[in-house]
1. Over the whole of A:131-139, what's the average partner chain Cβ count within 10 Å per residue? Rounded to a whole number, please.
2. Would you look at the GNM of chain B, springs on alpha carbons closer than 10 Å, and say which of B:193, B:284, B:11 moves the most?
3. Which residue, chosen from B:125, B:95, B:279, occupies the Cα position most advanced towards the positive end of the dipole of chain B, where the dipole is computed from +1 (Lys, Arg) and -1 (Asp, Glu) charges on Cβ about the Cα centre?
4. Would you mind pulling out the separation of the Cα centroids of segment B:294-317 and segment A:25-49, in Å?
5. Only loop residues by DSSP count here, and only those with at most 10 other Cβ atoms within 10 Å; note down the trypsin sites (Lys or Arg not before Pro) in segment A:1-73 that meet that.
6. If you place +1 on the Cβ of every Lys and Arg, -1 on the Cβ of every Asp and Glu, and leave all else neutral, what size is the dipole of the protein assembly as shown about its Cα centre, to the nearest 20 Debye?
7. Among the listed pairs B:42/B:151; A:198/A:261; A:135/B:42; B:232/B:298; B:187/B:298, give every one whose C-alpha distance is greater than 21 Å.
8. Taking the highest mean first, how do the peptides B:125-132, A:270-277 order by number of other beta carbon atoms within 10 angstrom per residue?
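We did not get these values from a lab; they are worked out from the coordinates using the rules stated. Note that the structure is predicted; figures quoted are calculated from it, not measured. Ideal geometry is used to build each Cβ from the backbone, glycine not excepted, and the neighbour counts take in all protein chains shown.
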Amino acid sequence: MNSNIPYLKDLTTQVRRDILRMVHKVNSGHPGGSLGCTEFFVVLYNVIMKHNPKFNMNGEGEDLFFLSNGHISPVFYSVLARAGYFNIDELNTFRLINSRLQGHPTTHEGLPGIRIASGSLGQGMSVAIGAAQTKTLNNDSHLIYSLHGDGELQEGQNWEAIMYAAANKIDNLISTVDLNGQQIDGSTDDVLYMGDLKAKFEAFGWTVIEIDEGNSIEAIIEGMQTAKSKTGQGKPVCVLLKTVMGNGVDFMMHTHAWHGKAPNDEQLAVGLAQNAETIGDY
Amino acid sequence: MKTFTNTGNKDTRSGFGAGLTELGKTNPNVVALCADLTGSLKMEVFQENHPERFFQVGIAEANMIGIAAGMTIGGKIPFTGTFANFSTGRVYDQIRQSVAYSHKNVKICASHAGVTLGEDGATHQILEDIGLMKMLPGMVVINPCDYNQTKAATIAIAEHYGPVYLRFGRPSVPNFTPADQTFEIGKALHLIDGSDVTILATGHLVWEALEAAKTLNELGISAEVINIHTIKPLDDEAILKSVKKTGCVVTCEEHNYLGGLGESVARVLSLNHPAPQEFVATNDTFGESGTPAQLMDKYQLNSAAIIEKAQKVISRK
């Protein structure tokens, strides 16, 4: 792990390039949410989590992460590869036939770093809770992290899980919600208004940490450290991470248009020009 | 002809409860989850003995399946318990993605399967669950026939790595298989030798098949009876060996003929040894309220139906 800020910013830029090139090559995938969560993934895997790139499924003695909104696989794959889970050249195979880098993450192809399939939304929090309870049974004091889209909270299973986690005092769990306010059909407010999510999580018995600048490396480090400090206190911890969908590529920002659409050749060139190569393309 | 003795009626769900109790003592990695039906699933003893390994999820089956999937990460072997309808149809996508596709070591244990759930009626009587579960790649599907076999199967699936669907029921039915049996997943059990017709039965229909074979014998018809406790993986070899001898088959199950044991058998025969087949199964219908006996009679899931289909299939040879 290398947690100095200039390096983390360079890595963030490089991951953005990876995301753009991956989705462009196969003319499919989800760049918007991936770009919006790039800083979060970079901080999680390089500053916050204690994890072992020599992957084993059971993950004893390390922190574990579960991605519930699996469609933002490009950022997950890029950050895993650049953390040493697999060779960065394999990013070239994203969404291609016979690849371990499926459109949505899966354990089925044996890609190191993936512990559950996700893509059909709303299931990841339950899985994270189960993993957290096994940590407790195994007397393993490491933490479970999960990430969820805000639109994803429209799936009812989340609220079963949110209720259960509080009732059972699951306090080794930090679930982050990517609050970018967008989903495929439009803004989350327009598609299905969800009201005050902070008040809802608190009403269900969670501790809530808000990170207002969810695309700031420094703010994410500070917010996630605060979240960690709130674990072990009898309550699950929710981080509300306010991000900008498509962050770092100006024409993709502040819109749902790039939720699940790849850039063409010209758009790719513009996006890459805005994110110059730093630590090296795959 | 070989005969079998009913050592006293017992419910298969209690066989599950007894198996789970045994596992609690012998396997520290076994954990149990239940969605507000602990008494119905006979999980109370495990809960009492191992409160730290028992998880009451409440009426939230989707969450239960997800939690079970997550618990496997770190080496636990979760057994989930609820009615068959809520164990499968209600949570098909959770099982598909988080358990089957992710190849997690979860045991989905389902009681009150079929019409013998009885008076609660069709909302609770699933007749499609074998089909739903057998279609999932990598899923093992087991439907034991009595208390002793359900107990043995419960113990055996803990030793098998991977997702398993274990189906059992509510009513008290004859208990006739050995108490000390070893359960082998995927290995059909040859119960009665015969030469005129093969009767392949699963679950509650196995005893009915034995009863039918006795009557058929009195009518001069020699029926071979095989207990297909594992629908997937199916024991193709045992089925083909028998049907090559008898030349025809009746499949018997408390399930819709669409998607059930019968269709799996038909595939094996059509690929290897085409032969006349008749189905004792529900005919693309929902169930209804009534006593288990009344329902098995009305939906023709009993020895009388097996006898009739056996005579019919022999006439088609």
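1. Numbers: counts 8, 5, 9, 11, 3, 2, 9, 4, 0.
Whole-number average of other-chain Cβ neighbours for A:131-139 is 6.
2. Checking each option, the largest mean-square fluctuation is seen for B:284.
3. The residue sitting farthest along the positive end of the dipole is B:95.
4. 61 Å
5. Details: sites: A:9, A:16, A:17, A:21, A:25, A:50, A:54; in loops: A:50, A:54.
Passing sites in segment A:1-73 are A:50, A:54.
6. Values: 47 positive and 64 negative charges, 245 e Å.
The calculated dipole for the protein assembly as shown is roughly 1180 debye.
7. Working: B:42/B:151 12 Å; A:198/A:261 30 Å; A:135/B:42 27 Å; B:232/B:298 28 Å; B:187/B:298 31 Å.
In this structure, A:198/A:261; A:135/B:42; B:232/B:298; B:187/B:298 exceed 21 Å between Cα atoms.
8. B:125-132, A:270-277
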